[in-house]
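The values are calculated or read from the model by the stated rules, or taken from the named source; none is laboratory data. Fair warning: this is a prediction, and the values are worked out from it, not measured in the lab. Here the Cβ positions follow ideal geometry from the backbone for every residue, glycine too, while neighbour counts run over all protein chains shown.
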Amino acid sequence: MSMLSIAAYFPWSRVKVVEHNVVQASRSALVRLEPDRRFRPLCHVCGQPAPAVHSNTRKFVRDLPFGDCSMLLQVEHRKVWCPTCGGVRVEKLDFVDAYQRITRRLADYAAELCRRGLSVQVVAEHLDLDPKTVKACDKSALEAEFGETRYDGLHRLAVDEIAVKKGHHYMTVVLDYDSGRVVWMGEGRQIATLDAFFEAMPAAVRNEIEAVALDMWEPYIRSVKKWCPQADIVFDLFHVVKAFNKVIDDIRNEEFRKADRDGKATLKGSKYLFLKTWGNLERHQRVRLKDILAMNERLNTVYWLKDFLKHLWEYHIPGWAEAALAEWCGVARQDGHPRLERFARTLERYQYGIVNHCRHRMHTSKLEGVNNKIKVIKRVAYGFHDPEYFALKVKQALPGRLCSN
Ligand SMILES: [Zn+2]
């Protein structure tokens, strides 16, 4: 046997390598560790020395791969009588937690691979571990870093909901608008969901919140008004346009049903012509859209309203924004379609949040960016069995521009 020692690969105190065995055929290695009897064992609960050994025991622990071999440690260790906490305890070891079956450094490595964007499933396959183990490693590393809600630097917030599962399962996301950091996430999208966030927030921070960007969603609005009455509520163009796109689509379908054969042929498959912005359409698509708009007065009005809706967010002077909004509602009402009438009423009701945009130029691109990132995380975060884990992954992916990752 070579005189070279592999002990340096196991630089842990209170244990020593006494035997190792490599089976080339199965590409596996077994290393046996024994207590270093020069040290008194420590209690894993209180960390105090425990002089009386109760019994000897052993467990098998997975470690980082070694060469091309998977590595299994046979850890001989002791159970002790701890006089400090008064009970039989497992000996404390610095490289593996008392009831874990993988070493800390393997757990750290698994968490690091997850941090770099690999999915739990891929990491589990790569390291030949159970996906549940990999998820637990990643989750505990994330909890240490992102488990506590940080309230520092909050002045302007953006609140949004994300659909996490089919069948109306939502989570609420709170973003620090200025840094882009995801501050908090909670299950659901009720008033109680957002209340829980504000309730835990120190009053001094709460009183300093200047503005909150939202969808026109009553539960969120009520929660913000209750906890931060001084904050300006700003409605987000992205969500308003999305809501209006639904109106356009319904009206377009209705017009399709009413049309004669030629009209149906012209309207068929035109959904995306209406939803895309003019600038993103190909030349032939523009020609087609112009034909449709020339043919159908109602669709022409609806298209104009869609375009003009965006302009309501471009004003800097509240009076002008108000006048433009009144004009929008006038055109919508002139058409007389009940969906347009209802949308006009909604805009009037929430006028304050549109006009507030003149003072707080809060744009939508950040929320859209968050949504796109979240879609990626959905694929790597091992499903949605654990909303807490998902929230931690989102916080890790969106740490804000002030603290680089
Ligand atoms: Zn103890």
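The set of residues from the stretch 4-24 being of a type in the set (Val, Ile, Thr) and either free of Cβ contacts under 8 Å to residues at least 24 places away in the same chain or part of a strand (DSSP E or B) (or both) comprises 15, 17, 18, 22, 23. Between 379, 333, the distinction of being within 13 Å of the chain's Cα centre (by Cα), part of a helix (DSSP H, G or I) and more than 26 Å from residue 213 (Cβ to Cβ) belongs to 379 only. When each of 128, 160, 68 is tested for being more than 16 Å from the ligand (Cβ to nearest atom), at pLDDT below 95 and under 30 Å from residue 212 (Cβ atoms), the lone residue that passes is 160. In the condition set (1) part of a loop (DSSP other than H, G, I, E, B); (2) in contact (Cβ under 8 Å) with a residue 24 or more places away in the chain, residue 63 is compliant with all but (1). Just to check your reading of the model, which residue among 90, 53 is within 15 Å of the ligand (Cβ to nearest atom), touching a Pro at 6+ places or on another chain (Cβ under 9 Å), part of a strand (DSSP E or B) and at negative phi? Checking each option against the conditions leaves just 53.
Checking every residue in the stretch 198-218 against the condition of being at pLDDT 95 or above, farther than 25 Å from residue 353 by Cα and assigned to a loop (DSSP other than H, G, I, E, B) gives at least one match. Testing residue 163 on (1) closer than 18 Å to residue 373 by Cα; (2) in contact (Cβ under 8 Å) with a residue 12 or more places away in the chain; (3) surrounded by fewer than 19 Cβ atoms within 10 Å (Cβ to Cβ), one condition comes back false. Which one is that? Failed condition: (2). Pairs linking a residue in the stretch 82-98 that is touching a residue at least 24 places away in the same chain (Cβ under 8 Å) to a residue that is among the charged types (D, E, K, R) and near the ligand (Cβ under 10 Å from one of its atoms), with Cβ atoms under 6 Å and 6 or more positions apart or on different chains, are 82/89. The number of residues in the stretch 25-36 being without any contact (Cβ under 8 Å) to a residue 24 or more places away in the chain and either within 15 Å of residue 93 (Cα to Cα) or of a type outside the set (Ser, Thr, Tyr) (or both) comes to 2. Candidates in the stretch 1-58 are the residues that are surrounded by fewer than 16 Cβ atoms within 10 Å (Cβ to Cβ) and aromatic (Phe, Trp, Tyr); of these, the one that is farthest from residue 106 (Cα to Cα) is 39.
The set of residues from the stretch 353-367 being in a helix (DSSP H, G or I), surrounded by 13 or more Cβ atoms within 10 Å (Cβ to Cβ) and not hydrophobic (A, V, I, L, M, F, W, C) comprises 353, 356, 357, 366. Exactly one residue among 121, 48, 74 is farther than 21 Å from residue 7 by Cβ and away from the ligand (no atom under 16 Å from the Cβ), and that residue is 121.
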